[in-house]
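The values are calculated or read from the model by the stated rules, or taken from the named source; none is laboratory data. Computed from a predicted model, the values in this text were never measured in an experiment. With ideal geometry, Cβ positions are generated from the backbone for all residues, glycine too; neighbour counts draw on all protein chains shown. Areas reflect the complete protein model, heavy atoms only, side chains present, ligands, DNA and RNA absent. Shrake-Rupley method; radii C 1.70, N 1.55, O 1.52, S 1.80 Å.
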Protein chains: 2
Amino acid sequence: MANFPKQIILDHGSGGKASQELIETVFLPFFDNPLLREMNDSAVFEINGTRFAFSTDSYTVNPIIFPGGNIGSLAIHGTVNDLTMRGAKPLYLSVGFILEEGLPGDILQEIVGSMQKAAQEANVLVVTGDTKVVPKGQVDKIFINTSGIGVITSKLNISGQNAQPGDLILINGTIGDHGMCILCQREGLSFQAPLESDTAPLNSLVENILQTSPHIHVMRDPTRGGVATTLNEIAHQSQVGIEIWEESLPFKDSVLGAAELLGIDPLYLANEGKVLIFVAPEEAEKILAQMRAHPYGKDAAIIGEVKAEPKAKVWMRTQLRSKRLIDMLSGEPLPRIC
Amino acid sequence: MANFPKQIILDHGSGGKASQELIETVFLPFFDNPLLREMNDSAVFEINGTRFAFSTDSYTVNPIIFPGGNIGSLAIHGTVNDLTMRGAKPLYLSVGFILEEGLPGDILQEIVGSMQKAAQEANVLVVTGDTKVVPKGQVDKIFINTSGIGVITSKLNISGQNAQPGDLILINGTIGDHGMCILCQREGLSFQAPLESDTAPLNSLVENILQTSPHIHVMRDPTRGGVATTLNEIAHQSQVGIEIWEESLPFKDSVLGAAELLGIDPLYLANEGKVLIFVAPEEAEKILAQMRAHPYGKDAAIIGEVKAEPKAKVWMRTQLRSKRLIDMLSGEPLPRIC
């Protein structure tokens, strides 16, 4: 099989170029079917007249507890958000724990407690689960898989394939908070201004938006690979160009400062409580106002626009009005980010 | 919280007593809801008039490739079977891979190829997935989570709570094959007679049975903890006694021989292609005949009977007509069995 990797490297899990290659050379050829081929955050299918979204994610974040959350809340938020991105109302989650022998019970209790709070806030039920314990040294502390089912009641067709020239692009708040928080925890860096993960459930924010506007074309949460990679995926899936405006991008000063110090582009850092929304231009202000009225949207901004050409490209119009190409993530800046 | 464990031990993942304690002291108190509390292989719920089953399992089996299958086929079969056990027709699966940096590409290809074959045989589609790669040494080679959704069309209420005094108990073939195969691989033991995992999808066998008999009360696949632990769970959930008959239990000679040599009770060894069926006595012979007509049921047998008393107990009537109590698994004979 062409390009089949000789061995798995960290890049294959980055959410960027190598991840896409792995999917295209290994998973799609074997499992090929129309639902999988759509390559959205969730699969969508109809059963007896009801449309469902179904999604899965495994969480391996290191450290397992970090400012703003832990691997448990992250695992609930992540799957809630993946369902939400297809316009679904998340209903039921499964949880699969893989625990390392010797994990302290109070750590597990803290994590499960956070999962409960996160599930309550997102109004979902954990209905089925599984726990495996592996001998010391064969897994690092705890990994969690969550899968979820949601029901799609809206008639909108929200997909990465639906971006249209002229669409404006919104985000509900500051970029790169989760990735920078994990990075600094990992490296033992601390700054005066606090760095905190943005991990949060987005279903109530998105529900509000969907009730207001019938012209949402794309919704996607920029997790692994960050805003840059997610926009590239959408540009590719929809065969459009995407321009973002440097002066409009919302960042926390602490994240920008740390990024500069570490020489990292925050557009490639993971977010866990952010959504990118593509919408017909006449709807953008209304949606912006509604985002800003929600606790998880108060720093919302309009950050760019969809162009007809050049297709499958993303670029930034800088403050000096030059253009800089924004590629997909290539290489893995930070394994175990989520 | 009473009995909350100080630290996680291998027993907590055994599927036996300690697993149940972990569920009862950690997961149920936090996530408590009626669907989870049923503690069956899958959660069952109704959405817009259709009944669904939803199930999850993480697979950490070691070695990842073994006679009769590999971690990939096992992961497909396991979730297909968990859905099947609630009388559901499995439809859609998710797959979450956690890969160790450095995993050879051809091993991944072999595993994904087996998953494809297993999914095709079981007539299910893998519709959504996720891949994480963690640095070398932070996970052992590959772990896989599969979650699945099925539709329940039968009106039967099949549950671990429905065993009734007088029910006969059937199994579709020999006991302990998977567990003994993995154990011998792990320990580098080889015997003249080949030991092979029984990993297999049970949905077509069970579909045949459900079409024949309207009197199925309980179906459950005796995986972790083996036949002994599964029967104890059912005896507990249904508040009945369960008697099994030593002379009727089907074993491969190779499994019995290895068990004797190693001093292991094969009733506690995991199976991955076996189902226990509890049925009204007048239906038992018909179901037995139908099992035996199926490739995955040719060694099927009637192995015991449900009694009113003593409640929540399982015992074996030996060939000498004495009675031996069969407890749940306590301790972990073999971590990473599935």
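Scanning for something assigned to a loop (DSSP other than H, G, I, E, B) and within 11 Å of chain A (Cβ to nearest Cβ), does the range B:145-157 turn up at least one residue? So far as the range B:145-157 goes, yes, one or more of its residues are assigned to a loop (DSSP other than H, G, I, E, B) and within 11 Å of chain A (Cβ to nearest Cβ). Restricting attention to the range A:92-106, the residues that are more than 14 Å from A:Ile144 (Cα to Cα) and more than 7 Å from every other protein chain (Cβ to nearest Cβ) total 1. Taking the range A:5-19 as the range and being under 17 Å from A:Ser58 (Cα atoms) and more than 7 Å from chain B (Cβ to nearest Cβ) as the test, the residues that pass are A:Asp11, A:Ser14, A:Gly15, A:Gly16. Of all the residues that make up the range A:90-114, how many are without any contact (Cβ under 8 Å) to a residue 40 or more places away in the chain, surrounded by fewer than 20 Cβ atoms within 10 Å (Cβ to Cβ) and over 14 Å from B:Val26 (Cα atoms)? Residues that pass the stated criteria total 1.
Among the residues that make up the range B:309-330, is at least one of them touching a strand residue (DSSP E or B) at 6+ places or on another chain (Cβ under 6 Å), open to solvent by less than 40 Å² (accessible area, probe 1.4 Å), modelled with pLDDT of 95 or more and closer than 30 Å to A:Val134 by Cα? The answer is yes, given that some residue of the range B:309-330 is touching a strand residue (DSSP E or B) at 6+ places or on another chain (Cβ under 6 Å), open to solvent by less than 40 Å² (accessible area, probe 1.4 Å), modelled with pLDDT of 95 or more and closer than 30 Å to A:Val134 by Cα.
Restricting attention to the range A:279-317, the residues being closer than 14 Å to A:Gly173 by Cβ and in a loop (DSSP other than H, G, I, E, B) number 5. If you check B:Val26, B:Val61 for being crowded, with 21+ Cβ neighbours inside 10 Å, at the interface with chain A (Cβ under 9 Å from one of its Cβ atoms) and of a type in the set (A, V, I, L, M), only one passes: B:Val26. Out of everything in the range B:115-133 that is surrounded by fewer than 22 Cβ atoms within 10 Å (Cβ to Cβ) and more than 20 Å from A:Asn40 (Cα to Cα), what residue ends up being nearest to the other protein chains (Cβ to nearest Cβ)? Going through the qualifying residues, I end up with B:Gln116. Of the residues A:Gly166, A:Gly148, which single one is open to solvent by less than 30 Å² (accessible area, probe 1.4 Å) and on the phi > 0 side of the Ramachandran plot? Selected residue: A:Gly166, the only one of A:Gly166, A:Gly148 that is open to solvent by less than 30 Å² (accessible area, probe 1.4 Å) and on the phi > 0 side of the Ramachandran plot. Residue count for the range A:113-140, restricted to those that are in contact with a helix residue (DSSP H, G or I) (Cβ under 8 Å, 6 or more places away or on another chain) and either part of a loop (DSSP other than H, G, I, E, B) or not hydrophobic (A, V, I, L, M, F, W, C) (or both): 11. Scanning the range A:199-258 for residues that are farther than 22 Å from A:Met180 by Cα and open to solvent by 50 Å² or more (accessible area, probe 1.4 Å) returns A:Ser204, A:Glu207, A:Asn208, A:Gln211, A:Pro214, A:His215, A:His236, A:Gln239.
Residue count for the range A:175-198, restricted to those that are buried (at least 23 other Cβ atoms within 10 Å of the Cβ) and not in a helix (DSSP H, G or I): 5. Contact annotation: residue pairs with Cβ atoms under 7 Å, 6 or more positions apart or on different chains, pairing a residue in the range B:285-310 that is aliphatic (A, V, I, L, M) with a partner that is open to solvent by 60 Å² or more (accessible area, probe 1.4 Å) and not in a loop (DSSP other than H, G, I, E, B), are B:Ala300/B:Arg292.
Quick one: would you say A:Phe54 is modelled with pLDDT under 90 and either in contact with a helix residue (DSSP H, G or I) (Cβ under 6 Å, 6 or more places away or on another chain) or open to solvent by less than 10 Å² (accessible area, probe 1.4 Å) (or both)? Judged against the criteria, A:Phe54 is not a match.
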